[in-house]
Amino acid sequence: MISMIQVLALLFTGFALSRVFLRAKDKKLTTGELIFWVGVWTTLIVVVLFPFITSTIAMFLGISRGTDVVLYGSVGVLFYLIFRLYIKIEEAEREITKLVREKALEKKKK
């Protein structure tokens, strides 16, 4: 029997996957990003439908509960995504600084 939280998780995951495919169709995601996000959401679907898998993985890794495996993995993925965002923001700031400097030098020459 499927629980209400599983139904809600599956609905949310379906919505998230639809957004991923729409962004890919609009060319707003690279192939690598598409594969990453489809992998994340597909993994969530598998874990929601077969929750015992997390316990099996936990036992293999020497962790006491399957929930802990999900929590550790989620935190790891979040930290990775935050790191990527940080790098992109730093690159954008450098580019903005460069453009402002060039614009100021052009204005000074005039």
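The Cα atoms of the stretch 14-54 give a gyration tensor whose axes a ≥ b ≥ c have a/c of 1.5 or more with a/b no greater than b/c, which makes the shape oblate. Taken as entire DSSP H runs, the helices of the chain that both span 30 Å or more between Cα atoms along their own long axis and average -1.0 or more on the Kyte-Doolittle scale are 4-25, 66-109. Solvent-accessible surface of the chain, taken per residue with a 1.4 Å probe and all protein chains present: 83 Å². When nucleic acids and ligands are ignored and a 1.4 Å probe is applied, ARG23 ends up with an accessible area of around 100 Å².
Equivalent ellipsoid semi-axes for the stretch 1-80, as square roots of 5 times the alpha carbon gyration tensor eigenvalues: give them largest first, rounded to whole Å.
On the way: eigenvalues 131, 57, 16 Å².
The three semi-axes for the stretch 1-80 are 26, 17, 9 Å.
When ASP68, ASP26 are compared by accessible surface with a 1.4 Å probe, the order from highest to lowest is ASP26, ASP68. Give the carbon-plus-sulfur fraction of the accessible surface of the chain in %, rounded to a whole number; probe 1.4 Å, heavy atoms of protein chains only. The computed percentage sits at 71. How large is the helix-only mean residue ellipticity at 222 nm for the chain, computed as the sum of -39500 (n - 2.57) over DSSP H runs with n ≥ 4, divided by its residue count, in deg cm²/dmol to the nearest 500? Taking each H run of at least 4 residues, the total per residue is -30500 deg cm²/dmol.
Ordered by solvent-accessible area of protein heavy atoms (1.4 Å probe), largest first, the residues THR30, THR54 come out as THR30, THR54.
Given the protein chains as shown and a 1.4 Å probe, how many square angstrom of LEU29 are accessible, to the nearest 10? Around 40 Å² of this residue is reachable by solvent.
The values are calculated or read from the model by the stated rules, or taken from the named source; none is laboratory data. Fair warning: this is a prediction, and the values are worked out from it, not measured in the lab. Just so you know, the surface numbers come from the protein's heavy atoms only, side chains and all, with ligands and any DNA or RNA stripped out. Shrake-Rupley method; radii C 1.70, N 1.55, O 1.52, S 1.80 Å.
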